[in-house]
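One structure is given here, and the rest of the page talks about it.
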Amino acid sequence: MNQQPFIPFNKPEIDDAEIDEVVDTLRSGWLTTGVRTAQFEREFCQYTGARHALAVNSCTAALHLALAALGVGPGDEVITTPLTFCATVNVILHVGATPVLADIGPDGNIDSLSIEARITPRTKAIIPVHFAGAPCDMNAIWSLAKKYSLFVIEDAAHAVGTHYDGQSIGSRESRSDAVAFSFYATKNLTTGEGGMVTTSDELLLNRMKVLALHGISKDAWNRYHEEGNWYYEVVDNGFKYNLSDIQSAIGIHQLRKLERFIDRRARQAAFYQQAFANLEQLELPAPVTNGRHSWHLYALRLNLELLNIDRSHFIVELRNRHIGASVHFIPIPLHPFFKRFANLAHNACPNCLKLYPRLVSLPLYPSMTDSELLYIANSVRDIVKKFSKTAPVPSWQPGVTTTVEGIAQ
Ligand SMILES: *Cc1c(COP(=O)(O)O)cnc(C)c1O
């Protein structure tokens, strides 16, 4: 019947450059944080325009470190979005603070009007998430932060390579205190597991460095250098969040290919946009107007009132056609653990809860072939046609201008 081999939702793009660098690292005798991690941090600063970058072993670690180093803790409230991965909220709880959810706007990103409505005298920080790789309205968020003296920590797990207002997310022009990136296996740039936190604040950088490695002060090392390099002092209750050179070896080469990855993702997204443009049953991701989308995710929205099928069945239909799909995200208030605070009236997020049943993320990654992309586009159109409540679905033919390479040139 169906001869199409299964197309996974996501596949990392690793080639000999990463493999050779990992092998060289293994042969070098230095496996943990060392010269390759320092190089990765340096080159990440060059790529994003960041003043400082600290490599860590996950985005979760980066967010936790930033909150801890900024002194956010018990009695403080931190405002974030309900349309995110649980890690964004877990770290707020890890430092003993209270998560407060603001609703999302039409683009799926946190809504600044909703943020302002949730600010209380206890509010200490805002954690916006650049959903799918589309930048949040940072100017509005920075204005609020200034007006109410709040910290801003960006969850940029989807946003390595995203641009906002002429700058890379994480750049030195950012008015955020810290920006946290993820190099998890499914992200635009991967080290298997890994992360980075950028900041323009040298004091904050140094506090995060100490907290990232057991609370050990390297200053003591320098101070007592003449006594030999065995000496260190623990000056805080730190964590174990450093990135190893094995992982940085992968990251160095991923970073060099990132512009190519994003270009390919953008072309694939543009292809989907054209393939689905004349289907009223689908609402497509909105184009970014003040920056560059990194296209970490292609999150479709089903217009359920025009379909005889719900989202779960839509995903089953995709799977029957050997296509992997996913949902980003199950809203925070729907998780049992978060219910105790997230269902409180002052955390209401009706826009997010209304959007959730409509969300389907399609495969989008550089190694997906043009024929796989065309197959997915045709399959989605097929499913829409099969389950459409309304008039016949208009036809679509990919022409010369709608091949992946022909788009966006
Ligand atoms: C992936 C992800 C994280 C967590 O990243 P890790 O590197 O796995 O810790 C945090 N926030 C969002 C929005 C994510 O998608």
Suppose we keep just the alpha-carbon trace of the chain; what are its Rg and Dmax in angstrom? 22.3, 82
With charges only on Cβ, +1 for K and R and -1 for D and E, what is the dipole size of the chain about its Cα centre, in debye, rounded to 20? 940
In angstroms, what radius of gyration and Dmax does the range 282-409 have, counting Cα atoms only? 17.0, 54
Length added when fully stretched, residue 283-residue 90, from 0.36 nm per residue minus Cα-Cα: 66.4 nm
Straight distance only, please: which lysines reach the Cα of residue 354 with their own Cα at less than 27 Å, same-chain residues fewer than 8 apart left out? 187, 339, 385, 386, 389
Rounded to whole Å, sorted largest first: equivalent-ellipsoid semi-axes of the range 311-380, Cα gyration tensor: 32, 12, 10
Using label points projected 7 Å from each Cα along Cα→Cβ, tell me how many nm separate residue 172 and residue 46, to one decimal. 1.5
At q = 0.09, 0.10, 0.13, 0.19 Å⁻¹, work out log10 I(q)/I(0) for the range 103-229 with the Debye formula, treating every Cα as an identical point scatterer and leaving solvent out; two decimals please. -0.33, -0.39, -0.62, -1.09
In percent, how large is the relative contact order of the range 292-409, given Cα pairs closer than 8 Å and 6 or more residues apart? 38
At q = 0.09, 0.23 Å⁻¹, base-10 log of I(q)/I(0) for the range 183-302 (Debye sum, equal scatterers on each alpha carbon): -0.46, -1.26
Using alpha carbons only: equivalent-ellipsoid semi-axes of the range 252-326, gyration tensor based, whole Å: 27, 16, 10
Per the helix-only calculation at 222 nm, which mean residue ellipticity applies to the chain, given -39500 (n - 2.57) for every DSSP H run of n ≥ 4 and division by its residues, nearest 500 deg cm²/dmol? -11500 deg cm²/dmol
Can you list, bin by bin at 5 Å, the percent of alpha carbon pairs in the range 99-154, starting at 0? 4, 21, 35, 26, 11, 3, 0
Distance in nm between residue 27 and residue 201 label points, each 7 Å along Cα→Cβ, equals 4.4
Most positive-pole-ward Cα, 308, 342, 352, against dipole of the range 298-378 from beta carbon charges: 342
Spatially proximal aspartates and glutamates relative to residue 147 (Cα-Cα < 18 Å; intrachain offsets below 8 disregarded): 76, 77, 111, 116, 137, 177
Can you compute the label reach from residue 16? Point 7 Å from Cα along the Cβ direction, backbone N cut-off under 11 Å, restricted to the range 236-271. none
Any lysines with Cα under 17 Å of the residue 146 Cα? List them, leaving off those in the same chain fewer than 8 positions away. 124
Ranked from highest to lowest mean number of other Cβ atoms within 10 Å per residue, what is the order of the peptides 77-85, 106-114, 199-207? 77-85, 106-114, 199-207
Residues listed by number, the range 1-35, amide nitrogen under 18 Å from residue 240 label point at 7 Å toward C-beta: 31-34
State the answer as a single residue: which of 295, 203, 390 lies farthest towards the positive end of the charge dipole of the chain, with beta carbon charges of +1 for Lys and Arg and -1 for Asp and Glu, about the Cα centre. 390
For the range 3-50 and the range 108-157, write down the distance between their C-alpha centroids in whole Å. 31
Provide the three semi-axes, in whole Å and in decreasing order, of the ellipsoid equivalent to the range 15-166 as defined by the square roots of 5 times the Cα gyration tensor eigenvalues. 32, 18, 14
When only Cα pairs under 8 Å and 6 or more residues apart are kept, what is the percent relative contact order across the chain? 22
Taking Cα atoms of the range 1-84, Rg/Rh with Kirkwood Rh, to two decimals? 1.12
Here the gain from full extension of residue 382 to residue 6, 0.36 nm per residue of separation minus their alpha-carbon distance, amounts to 133.6 nm
Using Cα pairs under 8 angstrom and six or more residues apart, how large is the relative contact order of the range 3-113, in percent? 17
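Taken together, the values in this text are just the output of simple stated rules run on the coordinates, not laboratory data. These figures come from a predicted structure and were not determined experimentally. Here the Cβ is made from the backbone with ideal geometry for all residues, glycine too, and neighbour counts use every protein chain on show.
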